[in-house]
Amino acid sequence: MLGSGGMVVIDEDTCMVDMARRIMHFYAHESCGWCIPCREGTSWLEKMLNRFHAGLGRPEDIDMIGELSKNMLGRTFCPLGDAAAMPTISIVEKFRSEFEDHLQGRCAYNKAAETLLGVR
Ligand code: SF4
């Protein structure tokens with residue numbers, strides 16, 4: 001066996017902060033809760049990403065989301081913890097500007113989030 005992988009195809013109009021929170025919602029739901037980095041990490045990250053996407057994030061949250069994810073890597077019993085951490089690390093690294101946009105009340109691609117931010 002060589003391993004396994006998955007691919008998600010999304011277009012350029014997708015809000016990557018929204019993508020990160022949706023991914024984390026899936027893994028937080030799927031976590032069996034046996035090991036702490038996965039149980040607590042996915043739960044914390046889901047809450048942080050939901051808050052961030054709703055326009056209630058703080059500048060320091062961007063690095064905290066990345067660091068929290070890195071601290072999960074290699075510290076869980078099964079690969080679910082790594083699978084949750086890796087996309088989040090990549091999204092923070094590759095799409096940091098979209099996190100920064102949310103701090104300014106802008107979600108360039110997601111009208112639903114703009115509506116949320118508008119009532120802040
Ligand atoms: S990493 Fe695997 S074993 Fe550990 S809590 Fe998550 S799903 Fe359970």
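The values are calculated or read from the model by the stated rules, or taken from the named source; none is laboratory data. Since the structure is predicted, the reported quantities are computational estimates derived from the model, not experimental observations. Please note: Cβ atoms are built from the backbone with ideal geometry, for glycine as well, and neighbour counts cover all protein chains shown.
Got a number for residues in region 63-85 being outside any helix (DSSP H, G or I), among the β-branched types (Val, Ile, Thr) and more than 7 Å from the ligand (Cβ to nearest atom)? Residues that pass the stated criteria total 0.
The listed residues are Asp11, Asp61, Asp18, and the only one of them that is of a type outside the set (A, V, I, L, M, F, W, C) and within 12 Å of Ile91 (Cβ to Cβ) turns out to be Asp18.
If only one of Leu49, Leu45 is within 15 Å of the ligand (Cβ to nearest atom), buried (at least 16 other Cβ atoms within 10 Å of the Cβ), modelled with pLDDT of 95 or more and not acidic (Asp, Glu), which one is it?
On the way: Leu49 fails: within 15 Å of the ligand (Cβ to nearest atom).
None of the others qualify; the one that does is Leu45.
Please indicate, with yes or no, whether at least one residue in region 27-37 is within 15 Å of the chain's Cα centre (by Cα), touching a residue at least 24 places away in the same chain (Cβ under 8 Å), closer than 17 Å to Glu93 by Cα and part of a helix (DSSP H, G or I). Scanning region 27-37, I find no residue that is within 15 Å of the chain's Cα centre (by Cα), touching a residue at least 24 places away in the same chain (Cβ under 8 Å), closer than 17 Å to Glu93 by Cα and part of a helix (DSSP H, G or I), so the answer is no. Counting the residues of region 1-24 that are in contact (Cβ under 8 Å) with a residue 24 or more places away in the chain and either touching a helix residue (DSSP H, G or I) at 6+ places or on another chain (Cβ under 9 Å) or within 13 Å of the ligand (Cβ to nearest atom) (or both) gives 9.
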